[in-house]
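Here's the structure, in structure tokens; my notes come after.
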Amino acid sequence: MFGREYIRVAGSPLPIVADGVVATVGVADGRMVPVLIVDTEGRPDVDHMVKAHKHLPPGDVQTQWGRPTHLKDHVALFLRFQRPVPTDVSLVFNIIEQGILVDLMLTAGAFYLQPGRAGDRLSATMEAPRIIVEVVTEFKNKWDDLFPKTVRSHFRQLGLNRHDAKAAATQAVALMREMTAHRLTRHRTSSS
């Protein structure tokens, strides 16, 4: 676990059934913000908490990043929602398959959490209720070391030698970050 205070979340992590990104001028300084659609079947507390945000002021949430001891190439995000409905949630990310989502979350300092079910897609659920969750970004320094190392290890498992795996990992991470670095900005127009 990272951080000084630990958030203990009982139960299984919520399965991420789909993801996407949205960018809005007024959110996260126009950066791309991931949308995580999570399967909340069996977790009516999460559905209720998200719906409650629509009618109540924004709530408080504590976030903490960690590493599951039994999953070497994964990171976890623990969330403790305090208001409007107390709810604990954990999310687990496979670094090779979902590292770009973690990278975007840390860059934007936020993500959208959207309840759903298996088979949901962002393009078909744009009007579904979701909340924006601000995440702590102190983990970014550890992530900037962990992400390329995990990608390098993956390339080694695919058969590349150390030198080539390191170069390929550096290039892959840089390319992912370049593709997601675009921001939406307001353009001022001048009138004559």
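Key figures for this structure:
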{"item": "Where labels lie 7 Å past Cα in the beta-carbon direction, separation of residue 167 and residue 97 in nm", "result": "3.1"}
{"item": "Rounded Å value of the spacing that divides the Cα centres of the stretch 82-138 and the stretch 31-49", "result": "7"}
{"item": "Qualifying GluC sites (Glu not before Pro) in the stretch 79-142, DSSP loop, other Cβ atoms within 10 Å at most 15", "result": "127, 138"}
{"item": "Rounded, prolate or oblate (a/c below 1.5 giving rounded, otherwise prolate when a/b exceeds b/c) for the stretch 16-137 by Cα gyration tensor", "result": "rounded"}
{"item": "Order of 32, 179, 105 under a 10 Å beta carbon neighbour criterion, fewest first", "result": "179, 32, 105"}
{"item": "Residue 82-residue 60 pseudo-label distance in nm [points 7 Å out on the Cα-to-Cβ vector]", "result": "0.2"}
{"item": "Inter-site label distance for residue 47 and residue 138 at 7 Å from Cα along Cβ, in nm", "result": "3.6"}
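Laboratory data are not the source of any read-out in this text; all were calculated from the coordinates shown. If you're wondering where the values come from, they're calculated on a predicted model, not measured in any experiment. Every residue, glycine as well, gets a Cβ built from its backbone with ideal geometry; the counts of neighbours run over all protein chains shown.
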